[in-house]
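The structure appears below as structure tokens.
The values are calculated or read from the model by the stated rules, or taken from the named source; none is laboratory data. Everything numeric here is computed off the predicted structure, so don't read it as measured data. Reconstructed Cβ throughout: ideal geometry from the backbone, glycine too, with neighbour counts over all protein chains shown. Side chains included, ligands, DNA and RNA excluded: accessible areas come from the protein's heavy atoms. Shrake-Rupley method; radii C 1.70, N 1.55, O 1.52, S 1.80 Å.
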Amino acid sequence: MQISAVLFDMDGLILDTERLSKVYWEKVGKEYGYDISLDFMISIIGSGIEEAKELFCEQFGADFPFHEIRNKKNSMIKDYLIKNGVPKKKGIVELLEYLQKNAIPRVVATTTYRKDAVALLKGAGIYEYFNEVVCGDEVTKVKPDPEIYIKASSKIGVDPINCLILEDSHRGIKAAYKAGANPVFIPDMLGENEEIKGLIKFKCDSLLDVIDILENDVQKVVYEESY
């Protein structure tokens with residue numbers, strides 16, 4: 001296996017934001033009279049905005065004020081992050097520094113829209129590590145469709161077959177597999193299930209383990225193209 005680039009999901013993978021989202025969906029939901037459970041939140045991890053809206057309306061009724069609650073939730077999370085900083089996942093800085101030192105391109109591919117994604121990455125102090133960022137408002141289809149990962153790999157001129165794709169969601173693993181890449185599952189709120197078991201190339205406890213994969217389990221190939 002020859003690896004020339006590493007592609008990253010964002011929420012729940014490099015930023016510890018999925019749990020924040022769960023807390024504030026639940027909090028704002030209660031204000032509006034809805035019981036948004038942990039099980040339901042886990043079931044929508046990795047979904048795009050429109051898919052999430054459909055799932056909320058299926059669960060709570062067609063009149064569920066999705067955008068109103070989501071906007072209030074996002075505002076509360078923003079206030080929290082201003083006061084407390086953007087929480088990073090264990091090992092992300094060490095992994096990014098390793099990749100940078102070894103001239104291995106780094107791309108974020110997230111369903112989060114660009115304005116919010118860039119703000120979060122800058123708030124976490126890691127935006128400058130990445131060669132490219134591809135966002136949910138820049139593709140027509142969301143995970144598990146592979147479009148975002150195909151676009152992300154093309155941005156740096158690397159075939160998906162030569163990419164490690166790091167994901168914490170089942171939708172993301174499916175997207176990585178369909179793109180023809182090498183999916184790496186790093187669980188956050190979701191554990192491994194039978195559906196993705198046969199799709200993943202590696203499973204890690206944290207981002208630090210990805211360094212071990214690159215050191216011991218794959219052949220690193222540096223692309224000559226500029227990116």
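Observations on the structure shown:
- Of all residues in segment 90-103 being out of contact with any Ser or Thr (no Cβ under 7 Å at 6 or more places or on another chain) and part of a loop (DSSP other than H, G, I, E, B), the one that is nearest to ALA152 (Cα to Cα): ALA103
- LEU13 within 29 Å of GLU132 (Cα to Cα) and part of a loop (DSSP other than H, G, I, E, B): yes
- Filtered residue count, segment 68-101, keeping only those that are of a type in the set (Val, Ile, Thr) and open to solvent by 90 Å² or more (accessible area, probe 1.4 Å): 1
- There is at least one residue in segment 140-150 that is farther than 30 Å from ILE82 by Cα, touching a residue at least 24 places away in the same chain (Cβ under 8 Å) and in contact with a strand residue (DSSP E or B) (Cβ under 9 Å, 6 or more places away or on another chain).
- Applying the set (1) at pLDDT 95 or above; (2) closer than 21 Å to SER21 by Cβ to TYR113 leaves exactly one unmet item: (1).
- Evaluation of GLU51 against the conditions (1) open to solvent by less than 20 Å² (accessible area, probe 1.4 Å); (2) at pLDDT below 95 shows that the sole unmet condition is (1).
- Selection count where residues are more than 24 Å from PRO187 (Cα to Cα) and β-branched (Val, Ile, Thr), scope segment 78-94: 1
Yes/no matrix, rows are residues, columns are (1) at positive phi; (2) within 15 Å of the chain's Cα centre (by Cα):
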{"position": "TYR149", "(1), (2)": "no, yes"}
{"position": "GLY157", "(1), (2)": "yes, no"}
{"position": "LYS174", "(1), (2)": "no, yes"}
{"position": "GLY180", "(1), (2)": "yes, no"}
{"position": "ILE200", "(1), (2)": "no, no"}
{"position": "ILE213", "(1), (2)": "no, no"}
{"position": "VAL218", "(1), (2)": "no, no"}
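- Test result for LYS115, without any contact (Cβ under 8 Å) to a residue 24 or more places away in the chain, open to solvent by 50 Å² or more (accessible area, probe 1.4 Å) and closer than 26 Å to VAL86 by Cβ: yes
- Evaluation of SER43 against (1) of a type in the set (Ser, Thr, Tyr); (2) free of Cβ contacts under 8 Å to residues at least 40 places away in the same chain; (3) buried (at least 17 other Cβ atoms within 10 Å of the Cβ) (one fails), failing number: (3)
- Taken together, the residues in segment 5-39 that are in contact (Cβ under 8 Å) with a residue 40 or more places away in the chain and open to solvent by less than 50 Å² (accessible area, probe 1.4 Å) amount to 21.
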